[in-house]
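Below is one structure, written out as structure tokens; the observations come after it.
The values are calculated or read from the model by the stated rules, or taken from the named source; none is laboratory data. What you are looking at is a predicted structure, and each value in this text was computed from that prediction instead of being measured. Note that we place each Cβ from the backbone using ideal geometry, even for glycine, and neighbour counts take in every protein chain shown.
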Amino acid sequence: MLPPLGSRQCVRRKAVASEVLVSAVGERNLRDNGRMSFERIFDESALFRLCFVCTGNICRSPMAEVVFTELIKKSGLEGRIGVTSAGTGDWHVGERSDERTLEALAQRGYDGSRHRAKQFDPDWFGELDLVVVFDHTQERILKAWATTDHDRSKVQLLLTFDKDQSSQLDVPDPYYSDSAFFDQILLMIEHASSALFDQIKPGIQGVK
């Protein structure tokens, strides 16, 4: 289990996460997945925790998780930023990513083979600092699951962090399309994830 809110480590994490989230977001404002505990998802020392959420957790969100994990590694911030992914639905729980997702990732030099789909649990809101979604449907669902305004404010569309793509807002679901479209979606996600990471990184690097 994570440290209780009264612990020094958790209070410090919440303070850092709050500062980072304000910097990144700025002025913008039941389900059974095995009750996965956060001790199995994140290092308890992570100062900032985010979850990418799409529909089934086999296409867009695992792409973003893999891309963001690589950005963390390359910046030497492993253990300081925690990232995972999930879906709003339970159709694919326990499955690998879609083969077209894995192929698109591999062509770009990523390894997505370890991913297994899971469903977002509303209980996670209290342990997350940011919940990144890919379209307005997921945004509506997650905000409906949140029980406080504070948790609802954590739900943000990925493309709103990327000024070059912000006018589009939704990342299309490639599930019913072909492999070439998966490649296009991965490029969109790479660009937006890099923009998001650049907004989070300074607040984390500044913490000793």
Note to self: Is it the case, given these coordinates, that Q107 is within 17 Å of the chain's Cα centre (by Cα), modelled with pLDDT of 95 or more, within 24 Å of L187 (Cβ to Cβ) and not basic (K, R)?
What the structure shows: no
Next item on the list: Might you check whether a residue that is farther than 16 Å from P62 by Cα, modelled with pLDDT of 95 or more, within 15 Å of the chain's Cα centre (by Cα) and among the small types (G, A, S) occurs anywhere in region 178-197?
Entry: yes
Margin query: One residue is enough: does region 140-163 have a residue meeting the conditions closer than 20 Å to A180 by Cα and either out of contact with any His (no Cβ under 6 Å at 6 or more places or on another chain) or modelled with pLDDT of 95 or more (or both)?
Written below: no
Margin query: Taking the criterion of being closer than 22 Å to K74 by Cα, among the polar types (S, T, N, Q) and crowded, with 18+ Cβ neighbours inside 10 Å, would at least one residue in region 125-144 satisfy it?
Written below: no
Notebook entry, point to check: Does region 93-109 include one or more residues that are under 14 Å from V53 (Cβ atoms) and out of contact with any helix residue (DSSP H, G or I) (no Cβ under 9 Å at 6 or more places or on another chain)?
Noted result: yes
Margin query: Residues that are among the β-branched types (V, I, T) and touching a strand residue (DSSP E or B) at 6+ places or on another chain (Cβ under 7 Å): list the strands (runs of 3 or more DSSP E) wholly contained in region 68-173 that include at least 2 such residues.
Written below: 81-87, 130-133
